[in-house]
Structures are given as C-alpha cells and as structure tokens.
1. Here is a check on your reading of the model: is residue 100 over 15 Å from residue 32 (Cβ atoms), under 12 Å from the mean Cα position of the chain (by Cα) and either near ligand 1 (Cβ under 10 Å from one of its atoms) or among the charged types (D, E, K, R) (or both)?
2. List every residue pair whose Cβ atoms sit under 9 Å apart, with the two residues 6 or more apart in sequence or on different chains, where the first one lies in region 88-113 and is within 22 Å of residue 70 (Cα to Cα) and of a type in the set (D, E, K, R) and the second, anywhere, is in a strand (DSSP E or B) and more than 10 Å from ligand 1 (Cβ to nearest atom).
3. Which of the residues belonging to region 34-50 are away from ligand 1 (no atom under 12 Å from the Cβ) and under 18 Å from residue 99 (Cβ atoms)?
4. For residue 25, indicate whether it is within 16 Å of ligand 1 (Cβ to nearest atom), surrounded by fewer than 19 Cβ atoms within 10 Å (Cβ to Cβ) and not polar (S, T, N, Q).
5. Which is surrounded by fewer than 16 Cβ atoms within 10 Å (Cβ to Cβ) and either assigned to a loop (DSSP other than H, G, I, E, B) or in contact with a Phe, Trp or Tyr (Cβ under 7 Å, 6 or more places away or on another chain) (or both), of 115, 79?
6. Go through (1) in contact (Cβ under 8 Å) with a residue 24 or more places away in the chain; (2) within 10 Å of ligand 1 (Cβ to nearest atom) for residue 19 and report which single condition fails.
7. So, in region 22-61, how many residues would count as being basic (Lys, Arg) and within 13 Å of ligand 2 (Cβ to nearest atom)?
8. Across region 51-68, which residue is nearest to ligand 1 (Cβ to nearest atom) among those that are in contact with a strand residue (DSSP E or B) (Cβ under 8 Å, 6 or more places away or on another chain) and closer than 17 Å to residue 10 by Cβ?
Amino acid sequence: MYEAPGVGLAAPQVGILRRAVVIDCGDGPLKLVNPHIVETRGNQPWVEGCLSVPGKQGRTHRPQWVRVKYQDARGQECEVVGEDLLAVCLCHELDHLDGKLYVDIAEGPLLEAGEEVEE
Ligand code: GNR
Ligand code: NI
C-alpha cells in the first residue's frame with residue numbers, strides 16, 4: 001500500500017482471500033479484520049481511484065460518515081468512526097471484500113488518472 005502509494009489496500013487485491021484491509025489516510029495504519037459497517041450518515045461526492053483499476057478514476061457518491069466494527073490483529077472487537085476521506089476509504093476497502101469495485105457505482109464514464117476534475 002505504501003509503495004503504490006495508496007491510502008488503503010484489501011487483502012483480496014494481493015491474492016489473500018481473507019476479510020482483512022489496511023487503511024492509512026495520514027493518521028497511521030489501521031488494520032481491520034472482519035470489518036462491517038454498522039451506521040452511516042450523509043452522502044458526499046468523491047473522485048475515486050483504485051490500485052486494481054490502474055490509470056483510471058471515477059466519480060462516486062459515498063456516505064460522509066461511517067461507523068465500522070471490526071477485530072484488530074489480536075482478535076479484539078474494535079470500532080472506528082470515519083468522515084470524509086476515511087469514510088470513503090472504509091467503504092471502498094470493505095467493498096473489495098465482497099468483490100465490488102468503485103467502477104460498479106461510478107457515475108458517468110471513467111476518467112484518466114491525473115485528469116483534473118472538480119468534485
Ligand atoms: O489509494 C487509493 N486512493 C483512493 C482515492 C479515493 C478513493 C479511494 C481510494 S482507495 C485507493 C487504494 C485502493 O485501491 N484500495 O483498495
Ligand atoms: Ni481499491
């Protein structure tokens with residue numbers, strides 16, 4: 001994830017068929033096992049990219065706020081609340097665990113990565 005570089009990575013993206021993801025939106029690594037969304041609030045537009053869809057980006061809408069329950073690396077039950085980018089990232093990574101990509105919810109055609117777009 002850091003080498004890519006990316007702000008999140010789901011285990012199935014690297015051939016590990018487990019319900020595990022890592023996320024780092026700038027506050028250090030979050031490692032989530034068996035994560036699930038328990039509450040969402042709001043809706044926000046975003047422009048998403050994905051390491052599994054190289055060279056592209058696309059417009060989506062995601063919850064503005066999410067609450068996620070998960071187990072940590074030791075199996076302890078934990079909870080994380082995310083807003084803005086972290087909320088997007090949580091939704092994006094959790095979708096990977098169910099084989100879903102942002103392209104499935106993208107609005108309009110995919111854009112070239114690096115193409116300047118307004119949110
Ligand atoms: O690095 C990533 N950036 C990103 C930007 C906007 C919305 C979602 C993401 S996740 C992506 C890394 C990735 O593909 N994780 O699965
Ligand atoms: Ni992705």
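1. Answer is yes for this residue.
2. 93/32; 93/35
3. Once the filter is applied, which keeps residues that are away from ligand 1 (no atom under 12 Å from the Cβ) and under 18 Å from residue 99 (Cβ atoms), region 34-50 yields 34, 35, 36, 37.
4. It is true that residue 25 is within 16 Å of ligand 1 (Cβ to nearest atom), surrounded by fewer than 19 Cβ atoms within 10 Å (Cβ to Cβ) and not polar (S, T, N, Q).
5. It is 115.
6. With respect to (1) in contact (Cβ under 8 Å) with a residue 24 or more places away in the chain; (2) within 10 Å of ligand 1 (Cβ to nearest atom), residue 19 is out only on (2).
7. Going through region 22-61 one residue at a time, the tally reaches 1.
8. Only one residue tops the list, namely 51.
All of the numbers you see were taken from the coordinates with simple rules; none came from a lab. Since we're looking at a predicted model, the values are computed, not measured. We place every Cβ from the backbone using ideal geometry, glycine too, and count neighbours over all the protein chains shown.
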